[in-house]
Structures are given as structure tokens and as C-alpha cells.
Amino acid sequence: MELLDVVQRIETFVARYGPATVLTHHAGDVNVDHRVVHDAVIAACRPQPMHTVRELLFFEIPSSTEWRPPASAPPFTPNWFVDISDTLDAKLAALRAYAPEMRPFPHPRSMEAVVALATWRGATVGVAAAEAFMLGRAIIRQD
């Protein structure tokens, strides 16, 4: 599948659902498919007049984002945090459905490491657990 095909599929979903916020992979992920999706989302969510997308947020993927050497791509430096203290258990339940992709600790994609990362991200902003993002774009309306 070509990048343009991925862009067009994303554009179709954006047109159908009209999201205000879109989350996508960080550009520096080691996984090629993650970088393709990132680039396609950027293209599909260009800030054109009347476009619904007002915020682009980039997320980290344990065992993909931190494995990319920082000298070879932009590092993940989060500046947008969501408190997931009350929903961390739901996240872990969702990851159990992803069991074939999970690994034993100390792999970064283990349940223990995911909890440790959420705890660390939370501690950096003063909550028990957080999901970290990088703000790609925010268009704020002054009403």
C-alpha cells in the first residue's frame, strides 16, 4: 500500500466522523508502519479552512518509541498529559486483549513496564498515572 492510499483512507474517516482531536504515533517510532501512519495522519489532517481537526497529539509506544536512537529521529518529549489514575485498570484490561503482542518483563511491552511507564508519566505531572503525548498542533478558537 502506498502512502497516498493510507492518506486517502484516513481522509475518508475524518470526513465521515469529523473528529476535533486525532491521536497518532510519534514520528520517531522504530516501526516503519507507525511512521507511515504518522505521516499519513499529518497529510490527511492539514489545517485547511473548515477542517474539523483542531488538535493533533502524538503518542508513545513501548518498545517502539524509546528504541529509536534520538540522534536518528526526533525524540519523544511529552508536553501533554492525561490523568489516567482512575482508568489505568481499564487500560490494562484492554492490553490483555492484545496478549499475543505483550512480552514478559523486563520487556518494555510487558504489563509491569506499562504500569511503570504510566506511573512515571503520572509522577512527572503530580498524578498517580498518566498517558503522555506530544502536541503536534492545536488550533484554539477565541469565541
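The values are calculated or read from the model by the stated rules, or taken from the named source; none is laboratory data. No experiment lies behind these values; they were computed from the predicted model shown. In this analysis, Cβ positions are derived from the backbone assuming ideal geometry, glycine residues included, and neighbour counts consider all displayed protein chains.
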Hey, A94 among the hydrophobic types (A, V, I, L, M, F, W, C) and more than 30 Å from R141 (Cβ to Cβ) or not: yes
Being in contact with a Leu (Cβ under 7 Å, 6 or more places away or on another chain), within 14 Å of E60 (Cα to Cα) and not β-branched (V, I, T) is the filter here; which residues of region 85-124 pass it? A118
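Yes/no per residue for (1) more than 24 Å from R137 (Cα to Cα); (2) small (G, A, S); (3) out of contact with any strand residue (DSSP E or B) (no Cβ under 7 Å at 6 or more places or on another chain):
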| residue | (1), (2), (3) |
| --- | --- |
| I10 | no, no, yes |
| V14 | no, no, yes |
| H25 | no, no, no |
| V36 | no, no, yes |
| F59 | no, no, no |
| A73 | no, yes, yes |
| W80 | no, no, no |
| M102 | yes, no, yes |
| A116 | yes, yes, yes |
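Just checking, which of R54, R46 is modelled with pLDDT of 95 or more, over 29 Å from M102 (Cβ atoms) and loosely packed, with under 13 Cβ neighbours inside 10 Å?
The match here is R46.
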Criterion (under 19 Å from the mean Cα position of the chain (by Cα), in contact (Cβ under 8 Å) with a residue 24 or more places away in the chain and surrounded by 12 or more Cβ atoms within 10 Å (Cβ to Cβ)) met by exactly one of V127, V114: V114
Condition test on T65, is it touching a Phe, Trp or Tyr at 6+ places or on another chain (Cβ under 8 Å), among the β-branched types (V, I, T) and within 27 Å of Q8 (Cβ to Cβ)? yes
Inside region 10-46, can you point out the residues that are free of Cβ contacts under 8 Å to residues at least 24 places away in the same chain and of a type in the set (A, V, I, L, M)? A15, V32
Scan region 8-43 residue by residue and report those that are surrounded by 11 or more Cβ atoms within 10 Å (Cβ to Cβ) and either of a type in the set (S, T, Y) or over 25 Å from A132 (Cα atoms) (or both). Q8, R9, E11, T12, A15, T21, T24
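Given the structure, is R121 part of a helix (DSSP H, G or I), in contact with an Asp or Glu (Cβ under 9 Å, 6 or more places away or on another chain), surrounded by 17 or more Cβ atoms within 10 Å (Cβ to Cβ) and of a type in the set (D, E, K, R)?
yes
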Conditions: (1) β-branched (V, I, T); (2) touching a residue at least 60 places away in the same chain (Cβ under 8 Å); (3) touching a Gly at 6+ places or on another chain (Cβ under 9 Å). I84 meets all but one. Number of the miss? (2)
For I140, the lone unmet condition from (1) surrounded by fewer than 16 Cβ atoms within 10 Å (Cβ to Cβ); (2) under 29 Å from A15 (Cα atoms); (3) modelled with pLDDT of 95 or more is (3)
Do we find a residue being surrounded by 14 or more Cβ atoms within 10 Å (Cβ to Cβ) and touching a Lys or Arg at 6+ places or on another chain (Cβ under 7 Å) anywhere in region 79-101? yes
